[in-house]
Amino acid sequence: MTKIVYVAADGTRTEIEAEDGSSVMQTAVSNDVDGIVGECGGSMACATCHVYVDEAWADRVGPRNPGEEDMLDCAASEMKPTSRLSCQIKISPELEGLVVHMPEAQF
Ligand code: FES
């Protein structure tokens, strides 16, 4: 299990012990974390799982996968340098304590 910290647009923090191998999106949806929708189920077809990876974690999480940028261009909230589709961030022990910030809106 790996701890992931979700920070809502209003600053509310939710800490979840996530299953390794799952995604940041799937973990949020399974645990009813508000602010991540994951409408397409993780197939990179909706951008309703948009998150801003905390600056301190950007290097460890790594760059966007090919195709993410195109979807993020259509996201409801502004794309920033650390924007990712959370369905494409796979949870592993190296991400223990990862902090992701959720945008104001996903639609
Ligand atoms: S869940 Fe649809 S793009 Fe991530």
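The values are calculated or read from the model by the stated rules, or taken from the named source; none is laboratory data. Every value quoted in this text rests on a predicted model; they were computed, and no experiment measured them. Note that each Cβ is placed from the backbone with ideal geometry, even for glycine, and that neighbours are counted across all protein chains shown. In case anyone asks, the SASA skips ligands and DNA or RNA and just uses the protein heavy atoms, side chains included. Shrake-Rupley method; radii C 1.70, N 1.55, O 1.52, S 1.80 Å.
Among the residues of region 28-52, those that are open to solvent by less than 60 Å² (accessible area, probe 1.4 Å) and of a type outside the set (A, V, I, L, M) comprise G35, G38, C40, G41, G42, C46, T48, C49, H50, Y52.
Inside region 66-107, residues that are at pLDDT below 95 and in contact with a helix residue (DSSP H, G or I) (Cβ under 7 Å, 6 or more places away or on another chain) make up a count of 0. Can we say A56 is within 6 Å of the ligand (Cβ to nearest atom) and over 12 Å from the mean Cα position of the chain (by Cα)? For A56, the condition - within 6 Å of the ligand (Cβ to nearest atom) and over 12 Å from the mean Cα position of the chain (by Cα) - is not met. Of all the criteria given as (1) away from the ligand (no atom under 13 Å from the Cβ); (2) on the phi < 0 side of the Ramachandran plot; (3) part of a loop (DSSP other than H, G, I, E, B), the one not satisfied by E15 is (3). Every condition in (1) touching a residue at least 60 places away in the same chain (Cβ under 8 Å); (2) assigned to a loop (DSSP other than H, G, I, E, B); (3) of a type outside the set (V, I, T) holds for K3 except the one numbered (2). The C-beta contact set for region 25-51 (first residue more than 6 Å from the ligand (Cβ to nearest atom), second residue open to solvent by 60 Å² or more (accessible area, probe 1.4 Å) and among the hydroxyl-bearing types (S, T, Y), distance under 9 angstrom, 6+ apart or interchain) comprises D34/T12; G35/T12.
Among the residues of region 53-65, is any in contact with a His (Cβ under 6 Å, 6 or more places away or on another chain), at pLDDT 95 or above, open to solvent by less than 80 Å² (accessible area, probe 1.4 Å) and small (G, A, S)? Give the steps one after another, and end with the answer.
Step one: filter region 53-65 for residues in contact with a His (Cβ under 6 Å, 6 or more places away or on another chain), giving none.
No, every residue in region 53-65 fails to be in contact with a His (Cβ under 6 Å, 6 or more places away or on another chain), at pLDDT 95 or above, open to solvent by less than 80 Å² (accessible area, probe 1.4 Å) and small (G, A, S).
Residues in region 79-107 that are part of a helix (DSSP H, G or I), open to solvent by 30 Å² or more (accessible area, probe 1.4 Å) and touching a residue at least 40 places away in the same chain (Cβ under 8 Å): Q88, P93.
Every test in (1) within 13 Å of the ligand (Cβ to nearest atom); (2) not in a loop (DSSP other than H, G, I, E, B) is passed by A76 save one, and that test is (2).
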